[in-house]
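Everything on this sheet refers to the single structure shown next.
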Amino acid sequence: MIYSRIAGTGSYLPARIVTNDELASRLDTSDQWVRERTGIAQRHIADDSQACSDLALEASRRAMEAAGVSAAELDLIVVATSTPDFIFPSTACILQAKLGAKNGAAFDIQAVCSGFVYALATADKFIRSGQYRCALVVGSEVFSRILDWNDRGTCVLFGDGAGAVVLRAGDAPGIHSSILRADGSYADILSVPGNVSHGKITGSPFLQMVGNQVFKFAVKVLDEVAREALSAAGAEISDIDWLIPHQANVRILEATSKKLGIPAEKVVLTVDHHGNTSAASVPLALDEYVRAGKIKPGHRLLMEGVGGGFTWGAVYATL
Ligand code: ACO
């Protein structure tokens, strides 16, 4: 049997930090409101000169260095993003060129905040099938570009960043199970309902959200899909060393872990200092805890995402 295994992790946050107080200086909000409702204290915002592929490149280089993998060895590159450099070519192809990689396939996945989990599950299937042996899986976002910075109900929640993992073929898991789900009938509660057509923007280019409905939906499906992924691997909740949920906000994380019966000390939490970075949030959180020496080889991880679409999913893996 062929399995895929995470061989290295990396991440990147742009240098510029925007605190809640800075937002409160130009919006009708406060540090106290944002912290109490979301747990977020600050977010990183990309410089205008940085595109999604630039953030992805930094995170990828760090993951490849950690894995000891060169660009020539990569035969699959999957980038999860909702804020690509262009309509086309894909950000994965742009990243491939920036890395100087030439072999295999490169494509983007669009599943918003579940994007990394979708990308990881997809790359795992390709490796398990024997088609590819060394994949770079990236979540990268410049969400700051699709926010209305005058809308206090949404702009305080998000930030920019990137995270990456290298997946290698091996003879033991690695990834035990993955479950992906979607329900397009919930499209209206979280969307950027705009496009470019005939040289003009049609609809709205800014993120729109019905916050309380998103909150309830996220907690419900993160609970369900965690149980499905564990069941598919023949594992129990008590087997998990670390729950790595999509870093949307602390209240969603707390409600999800409470519902699952997972103690707070086993729940990875990074949203406080980078906000919701959409597809980047899970690999960013994973890399931060790996580099801090908290997540160690042999630990069992349950990674979960939920986002616009609606999409959601979970991957259960041994590091
Ligand atoms: N500062 C101050 N006041 C605010 C702000 C703000 N930034 N934003 C909204 N308010 C006000 C509202 O206008 C409202 O005022 P009103 O009562 O006078 O009308 C009041 O605060 C309460 O607003 P609610 O929307 O009811 O507040 P709620 O407690 O639901 O918190 C929040 C809003 C934080 C968005 C919450 O619904 C939430 O966390 N939802 C989940 C959304 C999320 O995480 N989305 C991320 C993308 S989806 C994903 O990643 C899965």
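Please treat every number below as a calculation from the coordinates, not as lab data. On a predicted model such as this, the values are computed, not experimentally measured, just so you know. For neighbour counting, all protein chains shown are included, and Cβ atoms are generated from backbone atoms with ideal geometry for every residue, glycine included.
Points worth noting:
- Using a Förster distance of 35 Å, the FRET efficiency for K220-A292 (Cβ separation, nearest 0.05): 0.70
- The number of Lys pairs in the chain with C-alpha atoms less than 21 Å apart, excluding pairs fewer than 8 positions apart on the same chain, is 8.
- For the chain, built as a Gaussian network whose Cα springs stay under 10 Å, the top-fluctuating residue of G153, G184, G305: G184
- Across S177, S11, S30, mean-square fluctuation computed from a Gaussian network of the chain (C-alpha pairs under 10 Å connected) peaks at S30.
- Karplus-derived 3J(HN,Hα) values for the stretch 81-91, using 6.51 cos²θ - 1.76 cosθ + 1.60 with θ = phi - 60°, are 7, 10, 10, x, 4, 9, 5, 8, x, 5, 4 Hz; glycine and proline are entered as x.
- For the stretch 81-186, trypsin sites (Lys or Arg not before Pro) meeting the loop criterion (DSSP other than H, G, I, E, B) and having at most 13 other Cβ atoms within 10 Å: K102.
- Taking I295, I2, I127, I87 and counting other C-beta atoms within 10 Å, the order from fewest to most: I87, I2, I295, I127
- The GluC sites (Glu not before Pro) found in the stretch 201-304 that occupy coil by DSSP, while having at most 15 further C-beta atoms within 10 Å, are E236.
- Structure-based [θ]222 nm, the chain - -39500 (n - 2.57) summed over DSSP H runs of at least 4, per residue, nearest 500: -9500 deg cm²/dmol
- Loop-located chymotrypsin sites (Phe, Trp or Tyr not before Pro) in the stretch 63-145, at most 13 other Cβ atoms within 10 Å (DSSP): F86
- Extreme residue, positive dipole direction of the stretch 160-309, given options P263, P297, F217 (C-beta unit charges): F217
- The length gained on full extension between E65 and N195, counted as 0.36 nm times the residue separation minus their Cα-Cα distance, comes to 43.1 nm.
- Extension gain, E22 back to V210 (0.36 nm per residue minus Cα-Cα distance, nm): 65.2 nm
- Sequence of T318, T19 once ranked by neighbouring C-beta atoms within 10 Å, starting from the fewest: T19, T318
- In sequence order, the stretch 250-263 has phi-based couplings of 4, 5, 5, 4, 5, 5, 5, 5, 5, 4, 7, x, 9, x Hz under the Karplus curve 6.51 cos²θ - 1.76 cosθ + 1.60, θ = phi - 60°, and Gly or Pro positions carry x.
- Put simply, when 68-76, 40-48 are sorted by average Cβ atoms within 10 angstrom per residue, most first, you get 40-48, 68-76.
- Counting neighbouring beta carbons within 10 Å and listing from fewest to most, the residues M209, M1 come out as M1, M209.
- Formal net charge of residues neighbouring S140 (Cβ-Cβ distance under 14 Å; K, R +1; D, E -1): -3
- Positive contributions from Lys and Arg (+1) and negative ones from Asp and Glu (-1), summed over other residues with Cβ under 12 Å from the Cβ of A24, come out at -1.
- For the stretch 176-318, the square roots a ≥ b ≥ c of the C-alpha gyration tensor eigenvalues yield an a/c of 1.5 or more together with a/b exceeding b/c, which makes the shape prolate.
- Net charge dipole, the stretch 87-162: roughly 400 debye, given to the nearest 20, about the Cα centre with Cβ charges of +1 for Lys and Arg and -1 for Asp and Glu.
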